[in-house]
Amino acid sequence: MKRAIVLAALLASVATVAAIAQEAPGGADPFQWLEEIHGAKALAWVEQQNQRTAGRLETDPRYETFRKEALALFTAEDRIPTPEFRADGVDNVWQSAANPHGLWRHTTLASYRTANPQWTTLIDLDALSKAEGKSWFFKGATCLHPSERLCLVHLSNGGGDAVTIREFDTETRQFVKGGLELPVGKQNVDWLGPNRWIAARDWSGTGQDVTKSGYAYIVKTIDRAHMDAPGQEVFRGDPKEVRAGARVLRGPDGSPKAILFDRGVTFFRSRYYLQTSGEPKLIPLPAKTSVEGLVSGQLIFNIKEDWQGYKSGSVLSYDLAALLADGPAPKPQVVFQPNAAQAVDEVHVTRDRVAIELLENVKGVVETFALKSGAWVGTRLALPTDSALAIKAASRESNRLFVTSEGFLDPTSLWLADGGTGMTAKVKQLPPRFDASKDVVEQHFATSTDGTRIPYFLVRPKGMKFDGSTPTQMFGYGGFQIAEVPIYRPEMGKLWLERGAAYVLADIRGGGEFGPTWHDAALREHRQRAFDDFAAVAKDLIARKVTSPQHLGIYGRSNGGVLMSVSMTQHPELFGAVVIESPLIDMLRYNHLSAGASWVAEYGDPDVPADREFIAKYSGYQALKPGVKYPEPYITTNTEDDRVHPGHPRKFAAKLESLHDPYLFYENTFGGHANDADPTLNARRWARHYVYLWEKLAPQ
């Protein structure tokens, strides 16, 4: 019976897509039914689209070769195991062909530094999934200091953001019998002591204790002796805001020093409160601030706007004791202030150092800072230059850091550094995954509509002819102050560069490549600047005859999906292929879908008439018009993406179908927003991507 119902829904959806577009009264959205994530009719439509797209891309002679090559990359045994410091050693989650869900495992630091570490498996996620009838993926662990034996393990069923939290003993390698277990939700938790926790979650389990964005705003404590009780409320945000949460600030020995409450007023603006006893005390901070942690009795924070004479992007500190005392707030101290060419990308805290991951003209630097004689003194670590550097792990029990170094053509290396001594040593090196000997990396600048110079990286064959014939893939993001830097992408190198194509990374406004001001330049009513920047890079590539419209393809995901859909609708003449993955597209309804309401500070609120006016000028879903020759896009998403609603790409594809415009649509059934939880599905994902790009940009 169920199969018959689904089949009937499938036939109905296929037969009526075009008709529905004409039946919707009064300008109503004719494809809103596709927002029903698990609706029978919507899933039947998805299945029909998947069959059609797989029938084209997965039958291409290149597909199986690409799939095998990608799978070999994602399951290779000589990958660098991503490290996380814990319990005087190193944790790692290892996925392979045999264990696609992964093994959470542990080894000593000394063993990790060898060529063949001796791992102890803590949780076999594949075995756990099979035993419990779930599709568990590891999303991190919050462990009790100082021993870090007991951990609150975050498990996602399907790879989405919502997690189940369960107490686990890493010595017995068993979930604690009768231990803490918090049902699935978008939640956070920390340890107050061996038998107490502090958590923000949907306490009712009905969706009533969450904000419009789907995040928790009520913080309570939980006592082991009364885990069935609702807990004592200690902080409450506002359901009209984005979220509220709490974390414990600890000293170098792991002992709690204060509770930090974070009230997310918008995605970028927060109010922070400190509590040791009594009522939480509001900290005098600018609204756009990120509090990073506690070092040497100093509360470390990174401001994202100019404040009291301090430059936007600066890292500052408050004396915690003075901050908690009665009387006026203490004067902040400067840890680091960036110059015009610098941007603070990430801030980490160790035992008694502040470690800052910097960008200098979009190239990586790591500096550590110590409090000496009342002032912060910095030391630049001796790490590779002209590379993308990223702090992958920072130890709170020591000053050790794991840092990766990589470039478009330079395989990732892993370095162990000590912020206290300045020691750096390479501990792992990824073998080359593709032949990069025939390629070269260049940095160029395009001029945007308002005259701003936009940097971009070009990776091309050394012997490339500047006649516009080179298949070129161009990537962009441009949002949320996320900096896009040159990194080593094995699947892109193997399936694209090695076969003679070119790759472009456009560092457009809206990102964080040059700090908060670069981001703010494309916020809200200024969003068009990001789209103009991207188009300017495309036009510069064409003018320089690197490529031409029929050979230029673009790819973006998530916020980059906004960029792709707008680029396609505003400049269909510039592109021969468009890959749109896990995207926002219907920008007039995004704030009502999944976590969309939390991004109003980035895009504006389409429910406010003044904001709706400027959003409507670019929203890709509404911009699709009959009679326009659009490039055929490949649109892809994930059913279990609980961050960016799959209704966005579904509706965009359905509207193209109603306009009789060509398109391809594919929706994975699990994996979450990242879409890469399972290496087997991830290999298929990239094989489809590159079959499509080669098919469109270099037809056989």
Inset, instruction - Would you list the strands (runs of 3 or more DSSP E) that sit entirely within region 173-282 and hold 1 or more residues that are more than 31 Å from the chain's Cα centre (by Cα), of a type in the set (S, T, N, Q) and closer than 25 Å to residue 395 by Cβ? - result: none
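So which residues in region 468-482 are among the polar types (S, T, N, Q), in a loop (DSSP other than H, G, I, E, B) and touching a strand residue (DSSP E or B) at 6+ places or on another chain (Cβ under 7 Å), if there are any at all?
Hit for region 468-482 is 470, nothing else.
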Legend entry - Positions within region 671-680 being touching a helix residue (DSSP H, G or I) at 6+ places or on another chain (Cβ under 8 Å) and either touching a residue at least 40 places away in the same chain (Cβ under 8 Å) or crowded, with 22+ Cβ neighbours inside 10 Å (or both), in sequence order: 671, 675, 679, 680
Legend entry - Residues (open to solvent by less than 20 Å² (accessible area, probe 1.4 Å) and more than 16 Å from residue 139 (Cβ to Cβ)) located in region 181-199: 191, 193, 197, 198
Legend entry - strands (runs of 3 or more DSSP E) enclosed by region 391-467 - at least 3 residues per element that are touching a residue at least 40 places away in the same chain (Cβ under 8 Å) and within 30 Å of residue 144 (Cβ to Cβ): 400-406, 413-418
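With region 285-352 as the region, which strands (runs of 3 or more DSSP E) entirely inside it contain at least 3 residues that are hydroxyl-bearing (Ser, Thr, Tyr)?
Working: elements: 289-295, 298-303, 315-319, 333-336, 342-349.
Correct list: empty, since no element meets the threshold.
Restricting to region 391-401, and then to whatever is among the hydrophobic types (A, V, I, L, M, F, W, C) and open to solvent by less than 20 Å² (accessible area, probe 1.4 Å), can you tell me which residue is farthest from residue 497 (Cα to Cα)? Let's see the steps before the verdict.
We begin by selecting, within region 391-401, every residue among the hydrophobic types (A, V, I, L, M, F, W, C); these are 391, 393-394, 401.
With open to solvent by less than 20 Å² (accessible area, probe 1.4 Å) added as a condition, the list becomes 391, 393, 401.
Details: 391: 27, 393: 30, 401: 32 Å.
If we take residues in region 391-401 being among the hydrophobic types (A, V, I, L, M, F, W, C) and open to solvent by less than 20 Å² (accessible area, probe 1.4 Å), then 401 is farthest from residue 497 (Cα to Cα).
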Legend entry - Given (1) buried (at least 20 other Cβ atoms within 10 Å of the Cβ); (2) in a loop (DSSP other than H, G, I, E, B), number of the condition residue 492 does not satisfy: (2)
Legend entry - Given (1) within 27 Å of residue 251 (Cβ to Cβ); (2) buried (at least 19 other Cβ atoms within 10 Å of the Cβ), index of the condition residue 162 fails: (1)
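Which residue, of 385, 404, 424, is among the β-branched types (Val, Ile, Thr) and open to solvent by less than 20 Å² (accessible area, probe 1.4 Å)?
Values: 385 fails: open to solvent by less than 20 Å² (accessible area, probe 1.4 Å); 424 fails: open to solvent by less than 20 Å² (accessible area, probe 1.4 Å).
Just one listed residue meets the conditions, 404.
Here is a list: 573, 581. Which entry is farther than 18 Å from residue 267 by Cβ, in contact with a strand residue (DSSP E or B) (Cβ under 9 Å, 6 or more places away or on another chain) and among the charged types (D, E, K, R)?
Values: 573 fails: in contact with a strand residue (DSSP E or B) (Cβ under 9 Å, 6 or more places away or on another chain).
Of 573, 581, the one residue that is farther than 18 Å from residue 267 by Cβ, in contact with a strand residue (DSSP E or B) (Cβ under 9 Å, 6 or more places away or on another chain) and among the charged types (D, E, K, R) is 581.
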Inset, instruction - Give the residue, chosen from 253, 262, 238, that is modelled with pLDDT under 95 and of a type in the set (D, E, K, R). - result: 253
Inset, instruction - Could you please tell me which pairs satisfy a Cβ distance under 6 Å, a separation of 6+ or placement on different chains, a first residue in region 623-643 that is under 20 Å from residue 658 (Cβ atoms) and without any contact (Cβ under 8 Å) to a residue 60 or more places away in the chain, and a second residue that is of a type outside the set (Val, Ile, Thr) and open to solvent by 30 Å² or more (accessible area, probe 1.4 Å)? - result: 624/655; 626/659
Legend entry - Filter result for residue 564 (outside any strand (DSSP E or B), within 20 Å of the chain's Cα centre (by Cα), free of Cβ contacts under 8 Å to residues at least 60 places away in the same chain and crowded, with 21+ Cβ neighbours inside 10 Å): no
Inset, instruction - Any residue in region 166-187 that's at pLDDT 95 or above and of a type in the set (A, V, I, L, M): show its pairings with residues that are open to solvent by 70 Å² or more (accessible area, probe 1.4 Å) and in a strand (DSSP E or B) at Cβ separation under 8 Å, as long as the two are six or more apart or on different chains. - result: 184/157
Inset, instruction - Being in contact (Cβ under 8 Å) with a residue 24 or more places away in the chain, open to solvent by 10 Å² or more (accessible area, probe 1.4 Å) and of a type in the set (A, V, I, L, M) narrows it down to one of 616, 653, 683, 595, so name that one. - result: 616
Inset, instruction - Could you please find all residues in region 259-295 being open to solvent by 30 Å² or more (accessible area, probe 1.4 Å), aromatic (Phe, Trp, Tyr) and in contact (Cβ under 8 Å) with a residue 40 or more places away in the chain? - result: 267, 268
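What about residue 159, is it at positive phi, touching a His at 6+ places or on another chain (Cβ under 9 Å) and either modelled with pLDDT under 95 or of a type in the set (Phe, Trp, Tyr) (or both)?
Answer is yes for this residue.
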Inset, instruction - Test residue 670 against the stated conditions and say whether it is aromatic (Phe, Trp, Tyr) and at pLDDT below 95. - result: yes
Legend entry - Per-region count, region 362-373, residues assigned to a loop (DSSP other than H, G, I, E, B) and touching a residue at least 24 places away in the same chain (Cβ under 8 Å): 1
Inset, instruction - Among the residues of region 30-67, count how many are open to solvent by less than 70 Å² (accessible area, probe 1.4 Å), of a type in the set (Asp, Glu) and either in contact with a Ser or Thr (Cβ under 9 Å, 6 or more places away or on another chain) or over 19 Å from residue 658 (Cα atoms) (or both). - result: 2
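The values are calculated or read from the model by the stated rules, or taken from the named source; none is laboratory data. Predicted model only: the values in this text are computed from it and were never measured. Backbone-built Cβ (ideal geometry, glycine too); neighbour counts: all protein chains shown. SASA here: full protein model, heavy atoms, side chains in, ligands and nucleic acids out. Shrake-Rupley method; radii C 1.70, N 1.55, O 1.52, S 1.80 Å.
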